[in-house]
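Only one structure is covered here, and it is reproduced in the block below.
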Amino acid sequence: MAPRPDLGPPPRLGYVASAIDRAVACRTDDAALKKFAEHPRAGCYVIGGELVVLKNSGERSDPIFSPAEAGKLGTAREKVFLGLMDEAPRFGVGLDPQAIEPLQGRKDLKITDLRTIAVQGLVGAEHLPPIAEAKALLGWHARHRFCPNCGAPTQPMCGGWRRDCPSCEVEHFPRTDPVVIMLAIAGERGVLGRSRRFAPTMWSCLAGFAEPGETIEEAVRREVLEEAGIACGRVKYFASQPWPFPSSLMIGCIAEALSQTIVVDLEELEDARWFDREELALMLARKHPQGLTTPPPVAIAHHIIRSFVADGGNVLG
Ligand SMILES: [Zn+2]
């Protein structure tokens, strides 16, 4: 049996364990929302498309702007109520991506994408879940200005948690798109793939959108068969992770591979192959002799692979 590699304490997964109380009942309470907006500790996360605006304040940037400070950065397209953090109201403010351009040169600001913020730890970890919440919700608003039922312009409602169509009176709610992400395993080995857009050394779990009319287990088996030609049996849920690029929920699973021969779907992937636990441990620890790596700890793929390295076939339960 392969020795169990020592990977140290588990790292923190990104965008999860939100400290936000979503205060759902307040979304339909206009007086409460107005009070929150005027609250002395009210704070805004400011986002324009893929970019997040931070205050450049030394090693750790500060992502919180007062409503007045946020107002000076540009005209908000949307302002959404995220909830309360330690009883302080938190909002997401959406700027036009063009309004971000003139801010890029300012020395008091740091403007970058959320992946970079998460991977480089540019803000305190407690801010990642509300920034993810704000980014996904604001992105939904940006893509749903018109009613998909009748084509009329829609209006934001409920602190940004609904858009109503004044023409056909249909109510529209923010979408979350389920994505299955899985490690197919057999004995001491698991299958990883490489997308062409990955960094040259990175390999990750296979993944794909769950389709209408499909269970999570069926989506896992279909994706592994489509992308790597491997048939799977048992599927075990591992954990999930909000993935606001733009609005996915990653559903992490382990799958029991029933066949061994990999046939790569070259439309989707550059390559896919088996890795044994020892090699995966070196990749997680960034000690692989050829420099191969897994995704970083902010991504759920890292944690799925790590659980297989630590527990082998027991991850299937
Ligand atoms: Zn309509």
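So if I average 1/r over every pair of distinct C-alpha atoms in the chain and take the inverse, what Kirkwood radius in Å does that give?
21.3 Å
Within the chain, which cysteines find no other Cys whose Cβ is under 4.7 angstrom from their own?
26, 44, 158, 205, 232, 253
Name the shape class, rounded, prolate or oblate, that the alpha-carbon gyration tensor gives for region 42-92, where a ≥ b ≥ c are the square roots of its eigenvalues, rounded holds for a/c under 1.5, and otherwise prolate holds if a/b is larger than b/c and oblate otherwise.
Because a/c hits 1.5 or more and a/b fails to exceed b/c, region 42-92 counts as oblate.
log10 I(q)/I(0), Debye, Cα-only region 19-133, no solvent, q = 0.09, 0.15, 0.21 Å⁻¹?
For region 19-133, the Cα-only Debye profile gives -0.22, -0.62, -1.19.
Quick one: work out the % antiparallel among DSSP beta bridges in the chain, nearest 5.
75 percent
Would you mind listing how long region 89-229 runs along its three principal axes, going by Cα atoms, in whole Å with the largest first?
55, 47, 28
How many percent of Cα pairs in region 96-154 exceed 19 Å?
For region 96-154, the share of Cα pairs beyond 19 Å comes to 49 percent.
To the nearest whole percent, what portion of all C-alpha pairs in region 1-82 is separated by more than 22 angstrom?
46 percent
Per the Kirkwood formula on distinct C-alpha pairs, the Rh of region 221-300 is how many angstrom?
14.5 Å
How much accessible area per residue does region 194-249 have, counting only protein heavy atoms and a probe of 1.4 Å, in square angstrom?
50 Å²
Accessible area of the chain with a 1.4 Å probe: how many percent of it is carbon plus sulfur?
53 percent
Could you list which residues have their amide H under 5 Å from that of residue 243, counting only those 5 or more apart in sequence or on another chain, with H placed in the peptide plane?
Sorted by chain and number, the residues that satisfy this are 248, 249, 250.
Tell me the Kirkwood hydrodynamic radius of region 253-317 in angstroms, computed as one over the mean inverse distance between distinct C-alpha pairs.
Kirkwood radius, region 253-317: 13.1 Å.
Which angle from 0 to 90°, rounded to the nearest 10, does the C-alpha axis of helix 216-228 make with the longest principal axis of the chain?
That helix lies at roughly 60 degrees to the long axis.
Please say if region 130-213 is rounded, prolate or oblate, where rounded means a/c under 1.5 for a ≥ b ≥ c the square roots of the C-alpha gyration tensor eigenvalues, and otherwise the choice is prolate for a/b larger than b/c and oblate otherwise?
prolate
Jot down the radius of gyration and Dmax of region 147-289, Cα atoms only, both in angstrom.
19.2, 62
The values are calculated or read from the model by the stated rules, or taken from the named source; none is laboratory data. These numbers were taken from a predicted model, which means no experiment stands behind them. Methodologically, a virtual Cβ is constructed for each residue, glycine included, from the backbone with ideal geometry; neighbour enumeration extends over all protein chains shown. Just so you know, the surface numbers come from the protein's heavy atoms only, side chains and all, with ligands and any DNA or RNA stripped out. Shrake-Rupley method; radii C 1.70, N 1.55, O 1.52, S 1.80 Å.
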